[in-house]
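What follows is one structure encoded as structure tokens, with my remarks underneath.
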Amino acid sequence: MPGLLKKKLRRYFSLYLLFIPVLLYYFIYRWQPMFYAIILSFTKFSLRGGIFGSKWVGFANIQRLFASYDFTEVLLNTMEIALLRVVIGFIPPILLAILLHDLKYRGFVRVSQTLLYIPHFFSWVVVFGIAWAFFATGSGMVNHWLTSVGKEPIEFLMSPRLFRPLIIGTALWKELGWGTIIYLASLSTIDPGLYEAAAVDGAGPLRRIWHITLPELKPIMVFILTISMGSILYAGGEQILLFYNPATYGVGDVIDTWVYRRGLLDMDFSLASAAGLFQSCFGLLFVLAANKAARRFAGIGLW
Amino acid sequence: MRRVSLSVCLISLVCLLIALSTPGMSASNATVWYPPANTTDYSYDDMSQKYDIEFFSTFWIGRPIPQDNLWTAWLNKTFNINLTFTTGTPVGAKVKVRGITGDAPDIANLPPSEISDVLSLTSEGIMINDWRPYLKYLPTMSKMRLDPARRFVVTDDKNQILAMPKPTGNPENWCWFIRKDWLEKLHLSMPKTDTQLLNVLTAFAKKDPDGNGIADTYGITSNGSGLDIGGQIEALLPMYGDPDVRLVKGKVYTAQNERKKLLQFIQKLIKAGAIDPDWYTQNHDSLMKKLASQRFGLIYGPADWIGGLAVQHKLDYDWQKKWTPLYPVKGDNGRSGGKWVCQKAGPEAFLMVSVKAAKDTGKMKRIMHMLDALNFPNEGFWLVRYGVHSKGSMSETTKFMKYGDLLYLNWAGTIPFSNAKDLCLADFGNPWADARDNVVSGFSPEPDDKVTVIEEWTQTILTKIDRYATNNRALLPPAPVDIVAGYAKFRVQNEIAFIMGDKPWSEWNAYQAQALKIGYSKILAHYQVQLERMEKILNPSD
Amino acid sequence: MHVASERWYQWAAALFIGLCTLAAVFPLYYIIVNSLAPESELAQGVVIIPHRLTWAAYRVVLTDIRLLQALGISILRTAIGSLGALAFTTIGAYVLARKGMPGRKLFIFMVLITILFNGGMVPTYLVVAKTGLIDSIWALIVPLLVDSWGLLVIKQFFENMPESIDEAARIDGASELQFLLRIGIPVAKPALAAIGLFNAVGHWNAWFDAMLYLNNPAKYPLQLVLRNLLQGLDFLRQNGLEMSGSSFVRASGDGLKMAIVILGTLPILCVYPFLQKHFTKGIYLGAVKG
């Protein structure tokens, strides 16, 4: 008996030992920031006091957040852009996946897939470089062509009207191919017998898609849709930070970019932390709600 | 008859002789010049212990300093230290972050735009807030003509010196310069009104003034770095009036009306295609590069920019002569403005030392010794600023040539740091010693008689061009960050919206009203207090 | 069954897929072509099929010290960062896969929370500052040492191992570490490969953490240098390509920018064809694990 217990403890002891570096990492770089976030959001940060010695101000920072003239606009921008991403980005990968799945020339499909996945692996900086090469006012391809046919060049990167289409468009371009993978995985689980039965019945491709393919895909489609809604407070700050400038702040400034400027450039730690905390808390709520909705409507959830 | 013609000949002969013997820039007059070794007494520092010193500085271009540069090596050897530089703005913010972790850098050099950081770093106990006890270690610096700059870092009640300001070198020879040869080629006369300027700049862009068949020139550009309209374009603001923040009849005035007209002018430039499309997003470096590539015809800067560029890029000496100072242009089609801006002597930077370093008296003495020894007229100044010392140059090509009383620098200039040995510490940005550029009259690419036009231009600018004195913008401590940050975004956002036509000009007054509501009124109140204080400092009634 | 509409459908599908593929790769082609075209052609107008090719831009790029430095930094952070992440993540996954360990559920919950909730940009920055990583390359590595999502995926793999192996090892007296190294890792290899590759790509492409945490431009990774260059915030010193005595070659530097864009994505493009299956498998793992 004692020997077995000793062995068990020794076994678990070595596991704990192994886990220590990982635990340390989580404590220092994941949990500590959460702790700081709460403290910074409810105190008025001063250099002398530091993080822990500054004065407690309760909800004053959050009040200041919503009293600031632009945070509400920033919040709306965030949600609008996130929503646009979901709506625009939803159908195309499904469509493309179905076509890839159905096309008989498998060689062509394989080559296409390889090429289609490539943009996913570009960094946003590279994507910006590509967008710049196409859309820049002075040297971009599109404007070169426009001036050569006598038209006025379009200031793509300085135009508020075109900012969101640019952002959403480049994001779609980047993720379209990769987004088909999850649908292809689902499509591969569909019983081919169903297709054969449909063919026997004389159903053409459109009817086949409508009556068989889409219903089979419904769970995963609903899952993707609802889970995407969960990240409605995260509108792709990294991409926007590269593409925006003061001309497009009005339509493009989102929580992440606002927090970067106010928190790290202007060093208003309290305010920016409050904004970040707001984003994390409500973001969590949205994800939880989205997961619940996904379970209910699609039968699957994140957990 | 004959007697008259004889005297005429004699007189002409005499005149000719006088003319020929006038000291000119000829090879026979030039001598190589080395600064004298300095004799300032630093015996308070026994130089025995080696110290690690960390220095954060603006080095306004923000280029990284190569590791094995000669200057750091010289500084390390001469002062028995191990020096590390961190460069690039913002300096104050970086110092603050280090201050939070209890590890502030030993020396920091903040640009005047960060004066609010000077105030907060000293009040929060991160950097020392009184230099008076150390003045005895600074025999050279304590004698410098620092007023009125120093007054802005001296507290009202206690007369503490919060930071050591470094006076600006050559503040007064900034001007607009225009391509004379392009004007001549396109048969245009010197623009005198903003409308004429617009036409000239459009012509520069559209009519291929360099004759190479490619439409790659523009009238003008700017260096906003994607954050603002940029200092270049802002320098046109005086076309419409005095651009400075000042008291007008006792109330603060921030030149918003003039600003509106400038923004309208920029809009016209864009519509006419006269301005470089990258004007809003590119930074200073990019601008200078394009300038050297002959891309525009109008540039604002100090008289030695163009000369310096010529040397740097090994351009023809004659290239500089293609430019000429532009006399002030009047806005409102000739009805307003009429002066350029003179940046009066203000601090180029503020030197600060950390409280942490001050606790070690030996280290403090070393720091003070070093900072003082690198100020004019000590030898260290010549070396760090120009790479020349009493025994010679640290590189093969950099040297001084003296023509009579005038000193010219044969300057290798900033070249890619693969040739690190030719670099001068000042090439990394503004010298962090004392900037006394006006001890050097100009730059000479050849060590003989080919000198630049900088001296001539400087004289023109100082004596013949009318300028508004703008002191306040550089020295006014900005309002606290939580007021300013929101307004700053609002301002830049709206300004570019008006320029690009996304907002009609009819909404300008509504924009001004809304600005007041979101915090600009607080900023104005802050300026009022500060301007009144400045008035008292500059014009004490007692 | 070849219904007529089926054939139309096949053609339409092929066309659509073809267009999408073209849209995906044409930009890349355009950038490559522009990086290889001589500046004189670029100054004339849009180049889609160049008349001449030149390596000039790449020569400048690959001989510029700062770019080489940045390239080195990128390689360094990618190698150390992804290997380190793989090590830490795998250890964490393994430990949490051992059923019966006291506290396991708590730790799993802790990991889960970090996926859904984070401290935010400012608090994380302050933690990085407090741990002395500002202006150090380790700031690009240490904060990313455990990939929580990857941990859960690998954990799944470990949990799917049959009990019998576990029993056998226990009887043999193998320690946990030995078990992990000799048995666990080979079993989980597909997952490890996928997670490792994703992390490597993430590291290679990262620029924002470098912008936040690094002050010294000499330590910037390639992506950050590229970003500064594209946004006109930086300008490479061009040695020889432009300034030749008193004659000016009117180079806008566009070819150069394109060359650096390609450099910014070249390693990924090179290894991608060989590793494609690992990448796509990773998605399957992530999708199916629920």
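Here are the numbers:
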| item | result |
| --- | --- |
| Criterion violated by A:E175 - all others in (1) charged (D, E, K, R); (2) within 22 Å of the chain's Cα centre (by Cα); (3) more than 30 Å from A:K104 (Cβ to Cβ) satisfied | (3) |
| Test: B:G486 is outside the structural domain of B:E234 (by TED's automatic domain parsing), free of Cβ contacts under 8 Å to residues at least 40 places away in the same chain and on the phi > 0 side of the Ramachandran plot | no |
| Any helices (runs of 4 or more DSSP H) falling wholly within region C:1-91 and containing at least 2 residues that are within 10 Å of another protein chain (Cβ to nearest Cβ) | C:4-36, C:39-44 |
| B:Q528, sole failed condition from (1) touching a helix residue (DSSP H, G or I) at 6+ places or on another chain (Cβ under 9 Å); (2) part of a helix (DSSP H, G or I); (3) touching a residue at least 60 places away in the same chain (Cβ under 8 Å) | (1) |
| Which listed residue, of B:I537, B:I461, B:I483, B:I518, is in contact with a strand residue (DSSP E or B) (Cβ under 8 Å, 6 or more places away or on another chain) and modelled with pLDDT under 90 | B:I461 |
| Hey, A:L277 surrounded by fewer than 20 Cβ atoms within 10 Å (Cβ to Cβ) and more than 21 Å from B:F490 (Cα to Cα) or not | no |
| Selection status of A:D266, within 21 Å of the chain's Cα centre (by Cα) and among the acidic types (D, E) | no |
| Whichever residue in region C:225-256 is assigned to a helix (DSSP H, G or I) and facing another protein chain (nearest Cβ under 8 Å) and, among such residues, is modelled with the lowest pLDDT | C:D254 |
| Only one of A:G301, A:G263, A:G276 that is touching a Gly at 6+ places or on another chain (Cβ under 8 Å), modelled with pLDDT under 90 and within 8 Å of chain C (Cβ to nearest Cβ) | A:G301 |
| Residues of region A:289-299 satisfying the condition of being surrounded by fewer than 15 Cβ atoms within 10 Å (Cβ to Cβ) and out of contact with any helix residue (DSSP H, G or I) (no Cβ under 8 Å at 6 or more places or on another chain) | A:K292, A:R296 |
| Some residue of region B:379-386 being in a helix (DSSP H, G or I), touching a strand residue (DSSP E or B) at 6+ places or on another chain (Cβ under 7 Å), of a type outside the set (S, T, N, Q) and closer than 24 Å to B:I126 by Cβ | no |
| Any chance B:I523 is assigned to a helix (DSSP H, G or I) and modelled with pLDDT under 90 | no |
| Pair list, Cβ under 7 Å, 6 or more apart: region B:509-523 residue within 11 Å of chain A (Cβ to nearest Cβ), other residue not in a helix (DSSP H, G or I) | B:I518/A:Y69 |
| Identity of the residue in region A:69-111, within 14 Å of chain B (Cβ to nearest Cβ) and assigned to a helix (DSSP H, G or I), that ends up nearest to the chain's Cα centre (by Cα) | A:N77 |
| Enumerated helices (runs of 4 or more DSSP H) restricted to region A:145-244, each holding at least 3 residues that are away from every other protein chain (no Cβ under 13 Å) and in contact (Cβ under 8 Å) with a residue 60 or more places away in the chain | A:160-187, A:214-230 |
| Of residues in region C:132-166 being β-branched (V, I, T) and over 24 Å from C:A93 (Cβ atoms), the one nearest to the chain's Cα centre (by Cα) | C:I137 |
| Of residues in region C:115-173 being in contact (Cβ under 8 Å) with a residue 40 or more places away in the chain and of a type in the set (F, W, Y), the one surrounded by the most Cβ atoms within 10 Å (Cβ to Cβ) | C:Y125 |
| Residue check for A:F269: touching a Leu at 6+ places or on another chain (Cβ under 6 Å) and either farther than 23 Å from B:A93 by Cα or modelled with pLDDT under 95 (or both) | yes |
| Entirely in region C:102-166, the helices (runs of 4 or more DSSP H) that have 3 or more residues that are facing another protein chain (nearest Cβ under 7 Å) and more than 22 Å from B:V95 (Cα to Cα) | C:104-116 |
| Residue ranges of helices (runs of 4 or more DSSP H) in region B:67-147 with at least 2 members within 14 Å of chain A (Cβ to nearest Cβ) and of a type outside the set (S, T, Y) | B:91-100, B:115-123 |
| Unique match (being under 30 Å from B:I483 (Cβ atoms) and assigned by TED's automatic domain parsing to the domain that holds A:G237) among A:Y36, A:Y105, A:Y69 | A:Y69 |
| Output for region A:112-144, where each listed residue is assigned to a helix (DSSP H, G or I) and more than 8 Å from chain C (Cβ to nearest Cβ) | A:Q113, A:H120, A:V127, A:A131, A:F135, A:V142, A:N143 |
| Those residues of region A:55-64 which are away from every other protein chain (no Cβ under 11 Å) and either surrounded by 13 or more Cβ atoms within 10 Å (Cβ to Cβ) or under 13 Å from A:L271 (Cα atoms) (or both), in sequence order | A:V57, A:G58, A:F59, A:A60, A:I62, A:Q63 |
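Results for (1) farther than 30 Å from C:I32 by Cβ; (2) hydroxyl-bearing (S, T, Y); (3) touching a Ser or Thr at 6+ places or on another chain (Cβ under 6 Å), shown as yes or no for each residue.
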site	(1), (2), (3)
C:P50	no, no, no
C:T63	no, yes, no
C:F88	yes, no, no
C:R98	yes, no, no
C:I108	yes, no, no
C:A139	yes, no, no
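The values are calculated or read from the model by the stated rules, or taken from the named source; none is laboratory data. As the structure is a prediction and not an experimental result, all values here were calculated from the model. Because the Cβ atoms are built from the backbone with ideal geometry, glycine has one as well, and the counts that use them run over all protein chains shown.
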